[in-house]
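The values are calculated or read from the model by the stated rules, or taken from the named source; none is laboratory data. This is a predicted model, so every value here is computed, not measured. Cβ placement follows ideal geometry from the backbone for every residue including glycine, while neighbour counts extend to all protein chains displayed.
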Amino acid sequence: MANNQNIELIKRYAPILWICEDDAFLPEDCAVMERFAKVGTSDEDMKPFTLNELGELENSKEYYMDIPEIDFNNFGINSDYDGPKMGPEALSAHVRKKIGNNPLLDPNSRESSPKYQARVSKIRITYIRGKPFSEYYKTHDPGVFGDYDVIQYYFFYVYNDAWNQHVSDWDSTLELFIKEDNTRAYAILHMHHLTWMVTFSGKPKKLNRWIADWQKVESQKRMGSLFHFAAHPFIFVARGTHGGYPTPGYSIHGLEPVILKVIAQTDYRQIGKLCIFPDYDPVTKDAILNILQEANMDTSKTKFLPWKDPVILNKQPWLKYKGPWGTKSKYDGWSGSTGPAQKRCWRMDQRRFKKAFRKAIEGDYSGEGFFKIFKNWHGWR
């Protein structure tokens, strides 16, 4: 019964994902790696595997996955790619053609239905009298304390096709925090090594009013909100990089070690092009198109793909695997990413929630540490 309740909760809030129209890789079942990849501790001992076998590997942190046919570390030099591009661009073109799974971009792409992985857990946000953080939260949002159901949506992409490339990507993670008395809800979205927290409750605004509100969030130093329809949040996935954002637009990322600012990449997000949605009432294609048309958006090229039933992350043996889901690389940011259970968010720790809350309630969506977001722009053209 508990598991059925979890599935019901997961599907009740299943996200509406907006993908860039030229992205060749859509979120899918991570079991696809059984088909394409091999696992081992070196190039000499790579072998085929099943997901359940991953959980049986001793010292699994020493292992990694590789898709031999794409010749990742040599940028595809020894692959069967014969196009005009070279280096990382050639690798990208080769992998897009070889294992791309967006049928709306390439009718010859492999067949793979959109799917997400998900789980439900709980967290308690406690008030401790006299503690600075607790007193701060009590002053700014006293209703934040209490018990929450947490729904985590994990998205697997077989390839990260951006400025940095890597085999496999577990980015775009979405966490919804639904207070048990249903008085409020929040969301934490993940983009690379950063997170943004936003509110997820109340009656949604019209799309135009909502995006106009976001254009003032940071200057007015307040928390932004998720747009949602029938409790299903709109999530915008950055082209190639798969960072998950609450808005369309762009964010310029970079490093700020001391005084210098070094731009590393730009995350672009679209709305109105490719929509992956939960295809059940009241979420219909016509309902979503109506939302866009009310914002005077051209929907003549809007395309839809439905989610298939989710993979429920409950005691799967493969969650014990600690190695990367892709090739190891000597270049920072080019190695395959690790799986859901290896993410910091897997363990429900209220300190992580409070840290994200503190930044968001002040409208600070600039990142943390040396890795910063120098510019955010929310909107569409």
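Odds and ends about this structure:
- Of the strands (runs of 3 or more DSSP E) that lie entirely inside the stretch 1-114, those containing 2 or more residues that are touching a residue at least 60 places away in the same chain (Cβ under 8 Å) span 16-19, 64-66.
- Among the residues of the stretch 126-148, those identified as closer than 30 Å to residue 12 by Cα, touching a residue at least 60 places away in the same chain (Cβ under 8 Å) and either assigned to a helix (DSSP H, G or I) or within 24 Å of the chain's Cα centre (by Cα) (or both) are 137, 140, 144.
- Only residues that are within 30 Å of residue 145 (Cβ to Cβ) and surrounded by fewer than 17 Cβ atoms within 10 Å (Cβ to Cβ) were counted in the stretch 65-122, giving 2.
A quick yes/no check of all residues on (1) surrounded by fewer than 17 Cβ atoms within 10 Å (Cβ to Cβ); (2) modelled with pLDDT of 95 or more:
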residue: 205; (1), (2): yes, no
residue: 225; (1), (2): no, yes
residue: 232; (1), (2): no, yes
residue: 235; (1), (2): no, yes
residue: 246; (1), (2): no, yes
residue: 265; (1), (2): no, no
residue: 277; (1), (2): no, yes
residue: 292; (1), (2): no, yes
residue: 300; (1), (2): yes, yes
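- Of the residues making up the stretch 35-53, none is β-branched (Val, Ile, Thr) and within 23 Å of the chain's Cα centre (by Cα).
- Residue in the stretch 275-300 that is nearest to residue 172 (Cα to Cα), counting only those that are touching a Gly at 6+ places or on another chain (Cβ under 8 Å) and either in contact (Cβ under 8 Å) with a residue 60 or more places away in the chain or part of a strand (DSSP E or B) (or both): 292
- Residue list for the stretch 180-204, filter: in contact with a helix residue (DSSP H, G or I) (Cβ under 8 Å, 6 or more places away or on another chain) and farther than 22 Å from residue 371 by Cα: 183, 184, 186, 204
- Qualifying positions in the stretch 302-323 - part of a loop (DSSP other than H, G, I, E, B) and surrounded by 14 or more Cβ atoms within 10 Å (Cβ to Cβ): 302, 307, 308, 310, 313, 316, 321, 322, 323
- Of all residues in the stretch 90-131 being of a type in the set (D, E, K, R) and in contact with a Phe, Trp or Tyr (Cβ under 9 Å, 6 or more places away or on another chain), the one that is nearest to residue 35 (Cα to Cα): 98
- Against the conditions (1) among the aliphatic types (A, V, I, L, M); (2) outside any loop (DSSP other than H, G, I, E, B); (3) without any contact (Cβ under 8 Å) to a residue 40 or more places away in the chain, residue 118 satisfies every one except (3).
- Residue in the stretch 224-274 that is nearest to residue 25 (Cα to Cα), counting only those that are in a loop (DSSP other than H, G, I, E, B) and among the small types (Gly, Ala, Ser): 240
- Screening the candidates 328, 354, 372, 359 for the property of being buried (at least 16 other Cβ atoms within 10 Å of the Cβ), part of a strand (DSSP E or B) and in contact (Cβ under 8 Å) with a residue 24 or more places away in the chain yields one hit, 372.
- Residues in the stretch 123-143 that are out of contact with any strand residue (DSSP E or B) (no Cβ under 6 Å at 6 or more places or on another chain) and either of a type in the set (A, V, I, L, M, F, W, C) or at pLDDT 95 or above (or both) were compared, and the one that is farthest from residue 333 (Cα to Cα) is 128.
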